[in-house]
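The values are calculated or read from the model by the stated rules, or taken from the named source; none is laboratory data. Remember, predicted model here, so these are calculated numbers, not experimental data. A quick note on method: Cβ atoms are made from the backbone with ideal geometry, for glycine too, and the neighbour counts reach across all protein chains shown.
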Amino acid sequence: MTQETETKAKAGAVIVPVTLFEQNCTLIWCEATKKAVVIDPGGDVPKIQAAIKQANVTVEKIWLTHGHIDHVGGAAELRDALRVPIEAPTSQINSCSTMW
């Protein structure tokens, strides 16, 4: 007798290339709760919002890995549209927070 096991992903993700640099903005979420974060929204906010809608998730935070413009360029606009907080490494907050 064989036993089959079904493996289901516990997390989902999609990469959204943004700006002329095609920088990788990432949307990740919990499959169980559909709560999500957007990582490095460098620009093209309507494109990011379309990915959020298609994934049918609720974004709770924006995460920034560092303060380069191709990673933070759309952060403030997306924050305002979604009304969610932005989190970034402490070392980046003082030097780059005027961008968001």
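Of all residues in the range 1-34, which are at negative phi, of a type outside the set (A, V, I, L, M, F, W, C) and either part of a loop (DSSP other than H, G, I, E, B) or in contact with a Lys or Arg (Cβ under 9 Å, 6 or more places away or on another chain) (or both)?
Passing the criteria: THR2, GLN3, GLU4, THR5, GLU6, THR7, LYS8, LYS10, GLY12, PRO17, GLU31, THR33.
Has the range 63-71 got at least one residue that is in a helix (DSSP H, G or I), within 13 Å of the chain's Cα centre (by Cα) and touching a residue at least 40 places away in the same chain (Cβ under 8 Å)?
yes
So is ILE48 at negative phi, part of a helix (DSSP H, G or I) and at pLDDT 95 or above or not?
Yes.
Can you tell me which condition ASP70 does not meet? The list is (1) surrounded by 13 or more Cβ atoms within 10 Å (Cβ to Cβ); (2) at pLDDT 90 or above; (3) among the acidic types (Asp, Glu); (4) in contact with a Gly (Cβ under 6 Å, 6 or more places away or on another chain), and all the others hold.
The failed condition is (2).
Take the residues of the range 13-45 that are among the hydroxyl-bearing types (Ser, Thr, Tyr) and modelled with pLDDT of 95 or more: which is nearest to ALA76 (Cα to Cα)?
Pass one, the range 13-45, residues among the hydroxyl-bearing types (Ser, Thr, Tyr): 19, 26, 33.
Checking which are modelled with pLDDT of 95 or more leaves us with 26, 33.
Numbers: THR26: 16, THR33: 25 Å.
So the residue we want is THR26.
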